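Student: Take this structure, written in structure tokens, and hold onto it; I'll ask about it next.
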Amino acid sequence: MNIAVILRQVPDTEAVVQPDAARPGSIQEAELKFVLNPFDEYAVEEAVKITEKAGGDAVGFCIGPDRSEAAIRGALAVGLRRAVLITDAAAVEADVVTQGRILAAAIKGFAPELILCGRELIDTSDDAMAAVVAHFLDIPHVLEAVKIEVDGGKATVTREVEGADLEIEARLPVAVSCCKGLNEPRYPKILDIKRSRTKEIKRLTLAELGLESLPAKSRVVELRLPPARPKGIRVDGEPAVAAGQAAEWLSKTAKVV
Amino acid sequence: MDFEFSDEQRMTIDGARRFAAERLAPVVAELDEKGEVNLEALKELGSLGYLGMTVPEEYGGSALGAVAYAGSMVELSKADAGTAVAVSVQNSLVNDAIVHFGTEKQKKEYLPKLAGGEWIGCFSLTEAGAGSDPASMVATAVRDGGDYVLNGTKNFTTSGAIADAIVVFVRCDPQPGGKGLSAFLLTKDAAGFQVGKHENKMGIRTSSTTEMVFSDCRLPAEALLGEEGKGLKIALSTLDGGRIGIAAQAIGIAEAALDESVRYAKEREQFGKPIAELEGIQFLLADMATDVELAKTMLFKVAWLKDSGHKRFTKEAAMLKLFASEMAHRVCHKAVQIHGGYGFMKEYKVERLYRDQRITEIYEGTSEIQRVVIARNILG
Ligand SMILES: Cc1cc2nc3c(=O)[nH]c(=O)nc-3n(C[C@H](O)[C@H](O)[C@H](O)COP(=O)(O)OP(=O)(O)OC[C@H]3O[C@@H](n4cnc5c(N)ncnc54)[C@H](O)[C@@H]3O)c2cc1C
């Protein structure tokens, strides 16, 4: 069974991001550490687990600048067979729907039975990629899987909703976004880290996909950090007295009650 | 000159960091309290290749070299210095001794199991009466036909209780002095060998430290590691590499103490503001960060010397181990100070770091012995 895994490199969860004055809508990258989008790790692990059992290839597809190779190699080190990287600026800067269209075009020739991606990108919080790619390939999609079973031409996917589990069946091929809890991403073995160098990361251009003139559907014009939180006040003392003081402050100074 | 890690080194060190955070950090406080080894994590580190980092691939190693090893040791030590020292002993003392001095048969028999974590290894040099001066050891090996018969008690052996493979140093020549020492390689099931007393320690309590007792332990001549009489040379040259591991351990402990202190200083308020805004605390933190940074730079320099095939880095390794361990002492002392009374309590991580740090100034050559080595090297 062939599986396409959509990958994205994002700033590390602990990174402190600052807007880049020179490039409106972008962040300063020089000092940042980048990692594979953490939710993508569940997608990678699931793809590797399934292909280890059922055979076939698990292949990564990524839109991003050259530096994305580092994240891709991490995914190759834990078992993806090879990867495809699209670095055209027009693709990197495109909106989610346009990127989904590009990825669908890149994935189409590989004809996978399963397309997996992370539940959400932790930097932009975009969580629609599985649906968008499915739309352009005209296949079903299921979001936020915590369990995936593939058997007899269909996938049975479990999704957690408020207080219950939904079990959803879809015929293959299907695009599924993966949640925490789906599996435990393995640690790379050092030998596999070394061998990942010999795995192919193929560059694909928009021209090769016949998509060079994609009009952007939207663009980010500005990135603003939320205003710094003002310093709080602290009311000490006996609860009975302190509560009165707090109430007075809330009504007279903060004027919120 | 290039201060960047290669992709492989970076990914390996990142892997160690993630493993440490997920597998070691959550249980270290409890295991420290009980004085128990995290054997499961140690074996898993082996299956990932972290116990065979300088073993050639043909013998089952991951062979990524000393820089990646040093960086990984720092990360593991930040979470659990006890598990980390077992990693250090296995890579630097046991595997390296076999790689450099073992016969082809010994390499084939021992290295794949050690490098993959199927076996844990230990290195028994010290005796009750022979610490800084190993040449004064009294445990013996007496030739008997084609065999050697070992008698004596080694002490303070890291990983003694969990070891499957043992590198042991004994005296073949009854003449006093270093010339008569030899190294042997055996498995724990050798008749006449047994694990002795388990030590109850101040720090690195997630590592096992035991006596190793040999009573008429008969080994075939092929158990000799290296040539008869070359034991002291084998021990000393192996310890050069070991000092990289122990320095990395000290640096990991210090870095963890620094991280904890930065976080605590920002949170803790006295006199109406975070103590991090007090210049007195800021100067402590600045000195700690500078100390850690300098030790790390030297760590990777010595690791690089080893990777680039420099035969002799004895002086640099001694300087590194001396500086890093005493640096960790300074940093952990300040970390407890910054935490005030809370730093004295077991609920706070710096309490353990302070205890764990202490051994780095003692084993694999005390600070005094490092100074002896450095002085000998510069005086010629
Ligand atoms: C937790 C732990 C784990 C250990 N693991 C191992 C292991 O795996 N394998 C192993 O073989 N050993 C191990 N050791 C032993 C360790 O290496 C020795 O404890 C160390 O070398 C010091 O020896 P000693 O304790 O006998 O101290 P001593 O040698 O008796 O030293 C006492 C004091 O005298 C000083 N001193 C000694 N000689 C000189 C000198 N020439 N000049 C100036 N000062 C000097 C020392 O620096 C020290 O301050 C371990 C020890 C501990 C505590």
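Student: Could you please let me know if residue B:244 is more than 12 Å from the chain's Cα centre (by Cα) and buried (at least 19 other Cβ atoms within 10 Å of the Cβ)?
Tutor: So residue B:244 fails the test.
Student: Related question: Is it true that some residue in segment A:45-52 is assigned to a loop (DSSP other than H, G, I, E, B), over 18 Å from residue A:207 (Cα atoms) and open to solvent by less than 30 Å² (accessible area, probe 1.4 Å)?
Tutor: Checked against the condition, which is being assigned to a loop (DSSP other than H, G, I, E, B), over 18 Å from residue A:207 (Cα atoms) and open to solvent by less than 30 Å² (accessible area, probe 1.4 Å), segment A:45-52 yields no hits at all.
Student: For residues that are more than 10 Å from the ligand (Cβ to nearest atom) and among the charged types (D, E, K, R), scanning just segment B:340-380, find the one that is farthest from residue B:256 (Cα to Cα).
Tutor: So the residue we want is B:376.
Student: Restricting attention to segment B:208-222, report how many residues are open to solvent by less than 40 Å² (accessible area, probe 1.4 Å) and assigned to a strand (DSSP E or B).
Tutor: Initial filter on segment B:208-222 (open to solvent by less than 40 Å² (accessible area, probe 1.4 Å)): B:208-210, B:212-214, B:217, B:219, B:221.
Of the ones still in play, those that are also assigned to a strand (DSSP E or B) are B:209-210, B:212-214, B:217, B:219.
Within segment B:208-222, residues that are open to solvent by less than 40 Å² (accessible area, probe 1.4 Å) and assigned to a strand (DSSP E or B) number 7.
Student: Moving on. Considering only segment A:195-253, state which residues are of a type in the set (Ser, Thr, Tyr), open to solvent by less than 90 Å² (accessible area, probe 1.4 Å) and over 30 Å from residue A:72 (Cβ atoms).
Tutor: A:251
Student: A further question follows. Out of everything in segment B:92-131 that is small (Gly, Ala, Ser) and within 14 Å of the ligand (Cβ to nearest atom), what residue ends up being most open to solvent (accessible area, probe 1.4 Å)?
Tutor: It comes out as B:128.
Student: Residues that are under 13 Å from the mean Cα position of the chain (by Cα) and hydrophobic (A, V, I, L, M, F, W, C), at least 2 per element: which strands (runs of 3 or more DSSP E) completely within segment A:109-165 meet that?
Tutor: Correct list: A:114-118.
Student: Still on this structure, I have one more. When segment B:329-367 is examined, which residues are found to be open to solvent by less than 30 Å² (accessible area, probe 1.4 Å), among the small types (Gly, Ala, Ser) and in a helix (DSSP H, G or I)?
Tutor: Hits for segment B:329-367 are B:335, B:343, B:367.
Student: For segment B:20-93, list the helices (runs of 4 or more DSSP H) that sit wholly inside it and hold at least 2 residues that are over 26 Å from residue B:321 (Cβ atoms); which are they?
Tutor: Helices (runs of 4 or more DSSP H) meeting the threshold: B:25-34, B:39-48.
Student: Could you list, in sequence order, the residues of segment B:253-266 that are over 18 Å from residue B:279 (Cβ atoms) and not aliphatic (A, V, I, L, M)?
Tutor: The answer is B:255, B:259, B:260, B:263.
Student: Please work out which one of (1) touching a residue at least 12 places away in the same chain (Cβ under 8 Å); (2) surrounded by 17 or more Cβ atoms within 10 Å (Cβ to Cβ); (3) over 22 Å from residue A:1 (Cα atoms); (4) not small (Gly, Ala, Ser) is the condition residue A:139 fails and give its number.
Tutor: (3)
Student: Go through (1) in contact (Cβ under 8 Å) with a residue 12 or more places away in the chain; (2) under 30 Å from residue A:82 (Cβ atoms) and name the single condition residue A:194 misses.
Tutor: If we test residue A:194 against (1) in contact (Cβ under 8 Å) with a residue 12 or more places away in the chain; (2) under 30 Å from residue A:82 (Cβ atoms), just (1) comes out false.
Student: Check off (1) in a helix (DSSP H, G or I); (2) over 22 Å from residue B:349 (Cβ atoms); (3) without any contact (Cβ under 8 Å) to a residue 12 or more places away in the chain for residue B:309 and give me the number that stays unchecked.
Tutor: Only one criterion in (1) in a helix (DSSP H, G or I); (2) over 22 Å from residue B:349 (Cβ atoms); (3) without any contact (Cβ under 8 Å) to a residue 12 or more places away in the chain is unmet by residue B:309, namely (1).
Student: I'd like to check something: does segment B:28-35 contain any residue that is in contact (Cβ under 8 Å) with a residue 12 or more places away in the chain and buried (at least 24 other Cβ atoms within 10 Å of the Cβ)?
Tutor: Checked against the condition, which is being in contact (Cβ under 8 Å) with a residue 12 or more places away in the chain and buried (at least 24 other Cβ atoms within 10 Å of the Cβ), segment B:28-35 yields no hits at all.
The values are calculated or read from the model by the stated rules, or taken from the named source; none is laboratory data. All figures in this text were calculated on a predicted structure; none of them were measured in a lab. Cβ sites come from the backbone with ideal geometry, for glycine too, and all protein chains shown count toward neighbours. The accessibility values were calculated without ligands, DNA or RNA, using every heavy atom of the protein model including side chains. Shrake-Rupley method; radii C 1.70, N 1.55, O 1.52, S 1.80 Å.
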